[in-house]
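Everything on this sheet refers to the single structure shown next.
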């Protein structure tokens, strides 16, 4: 291997392992890390809750309440580390939360005084409706939305980064080539559109891909217990995208 | 809903996929980064191995691997076309991989197909080009049936290209990706071919340095294995395989210890080690050493012993195991001294039970048949007891006797030796008597049209041989022969031949209608031997074969799919009043298969959610907590309940599955006997059909109940109490 960065020791501590390491009553850093992770991945939880049959309003309340409790009360410390993935943890925790809520069934004020996340319900609802086209179990839906949210986050981050360098337009065009496989003709086309040489496009795509991979893997690494699990997690996420309709 | 398709994988892009890109490909992209992308571009990200053709996964590093920056394409092609148009017409892109792009082209002067490989190099262009040119000169000296010939070398737009022989077929890497591993006899055949190629090269002083499945092409037509890309690794890698920065050029999984150590004095024995690694991969489905980084892998090549072949493939013959272990010795001095000795050891054994001597007599039966026929023909034609043919036949009879005697000395009985001599030769493409067919002979599964063509050729050959003995030798004995014999024979032969040609045309047309291209159609109809398993097993070819023969199905296949196939086949053959029952059985069989597949999915899903030993860990943890920290205790207990519930459900799902499999087996059995009895013992039909009907009813009931259960289940995969969710369709 040419160099040892990339997946190797570069991310000494992932955000999730920070949370795990902080244990039951995490320090400020752990709490912040957790809040960040939750802010990033709230949508899959919303979709999950919604898919469990709750109305939009209820789902909003429940999601809000779930995250509030998670972050404020630090229940998170009870997570079993052998289930070392943030994704699994969040799902299990949410399932428990919903079960408890059901038991109490009392319309309590949720979320304490502080609202940790701003949930754009309207947008989320629209997205949810689209996602419903996949008739799935709530768990599958959750995993699928997780994967998509993750990818979206990566693309957004890249876009912001490129925009900061004044290359938002170029990015919008080049991102198509991130997944372009054999169809190399599109390179020439893009080069024409952007007024670049084919060689320059080639190099730019190459760099973009590298950067994209880094970011994707970093974000996945943030949600797993150790860097070794990154690839496993990506492979798992791949399975969540597969066809989901079943029928006799 | 508007649905775009992904330009890379062809799958539909869902509306909720981010950035209107294919989410699967985006994720896959993340898997490609096991390594960084330094070094020559367009190599496999993980292990720097050159990827051939359609490589969407890197075979070497096991993991999915890159189709690297697809940045060439039309640009390269246009440049190639501009430069080479006088001599070659570029037909299409064959593939793009680690080293660059490969195009199929037609050599206009010699009217043959060639492959043009355009190598992509980044830095040090001049130097690399010089080295490539030097290596190309060396490689061009090699001329061997198991080496892909190098026709020309040149440069286009600063990119070096090679013009090579075009091998129609697939690479060994592709084959391994598809099949996992290969049967021992086939692996030995491929190894023997490659060893022979290496032996030739080593004698010319050329070391390959990059022997690996990607560089071995399997020719569809001849079944041969051909080695390609001689010297390219050396040119690209220079003398150092492991540079100061740690960058590796080549394929760590197949590298010899001396290559791994970066030694400059590499000789042919290094290739023998790589060949051993390749053999290991072919026979066990995995490379002997794997690791996270190429450096890990190289370190293992230097220091560790691989897991014994036997432990991974217990059924291998002793000779194979010993031969390969010797290839894999760390010390070159303890390996095979040269590829030739290895080749001789491996031999070309298609029937692994038979020693090499038995192979020596392959096809002798046909020769004996030929002499017998021609002698008969001659005797019938001329009624003369003696002639050239008879002399030849007499001599051959003597040889035949000696052959039998030799086999007898090998310990074979007379019967066994005759069987060995008359066994179907591996190259025989036509009908052959059932008892003497080789293993893997697909005659019974060939489409009827193909069978007709291939069977009819046997009488043509018989007539031809009889007639030919006449035609060749009649001048010696013209007077003794009545004129009607040659005339009659010729007329009969011509008629049969014309009929045959028509049948060939019809059969080829039929095959093309089934989606084969003209070349494959020709191969299926006439040219490829019936027992060449490697050809018939290719998915698009296997698709035109009927399912494995009934006797075989009954004997050894008991996968649910095979059971269903058997049900469908037998149900289809039921006629008259039994026909509706046949359809009912077919429906029931399908329902069961769906249920079994559902159970499989459920089991896989549950198994994924359950970590081994998790229950014990939780119990311990709760015990360790004592009375303190009640909330955590509560949560852990809940988790424990969940885990227990999941294991119970897993157990249940497994039970359910085996019940369903049993039902399917019973149904298959009943339908089979119903079909048999309907012809042989009509008296038993009513009771049997009653049983089948009852079984079908039971299955339908089961499927119905299952459907309902599943609808409930889906809403409550984990939650203890489902609450009023809708059931999915």
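Read the figures in this text as sums done on the coordinates, not as results from a lab. Since this is a predicted model, take the numbers as computed values, not measurements. Neighbour counts are summed over all protein chains in view; Cβ atoms, including those assigned to glycine, are modelled from backbone coordinates with ideal geometry.
Data overview
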| read-out | value |
| --- | --- |
| Protection proxy ranking of B:527-535, A:206-214, B:184-192 - average other beta-carbon atoms within 10 Å, highest first | B:184-192, B:527-535, A:206-214 |
| Within 10 Å of each Cβ in A:220-233, the average number of Cβ atoms from other chains | 1 |
| Cα→Cβ-extended label distance, 7 Å offset, between residue B:113 and residue B:484, nm | 5.1 |
| Distance between modelled label sites at residue B:455 and residue A:200, nm, 7 Å Cα→Cβ extension | 7.0 |
| Sequence ranges A:197-205, B:213-221, B:615-623, B:162-170, ranked by mean other-Cβ count within 10 angstrom, highest first | B:213-221, B:162-170, A:197-205, B:615-623 |
| Euclidean distance between Cα centres, the range B:143-192 to the range B:487-514, Å | 35 |
| Förster-model FRET efficiency, 22 Å R0, residue A:163 and residue A:192, C-beta, rounded to 0.05 | 0.45 |
| Inter-chain Cβ neighbour average for residues B:635-641, partner chain, 10 Å | 3 |
| Packing rank of B:396-403, B:78-85, where each peptide gets the mean count of other beta carbons within 10 Å, highest leading | B:78-85, B:396-403 |
| For B:662, B:362, order by how many other beta-carbon atoms lie within 10 Å, fewest first | B:662, B:362 |
| R0 of 30 Å, Cβ-Cβ distance residue B:669-residue B:604: FRET efficiency to nearest 0.05 | 0.60 |
| Backbone N within the range A:212-227 under 12 Å of label point (7 Å from residue B:292 Cα along the Cβ vector) | A:226-227 |
| For the range B:74-346, radius of gyration divided by Kirkwood radius, i.e. Rg to Rh on alpha-carbons | 0.97 |
| Nitroxide proxy distance, nm - points 7 Å out along Cα→Cβ at residue B:543 and residue B:413 | 4.7 |
| Neighbouring partner chain Cβ atoms per residue of B:596-607, average, 10 Å criterion | 1 |
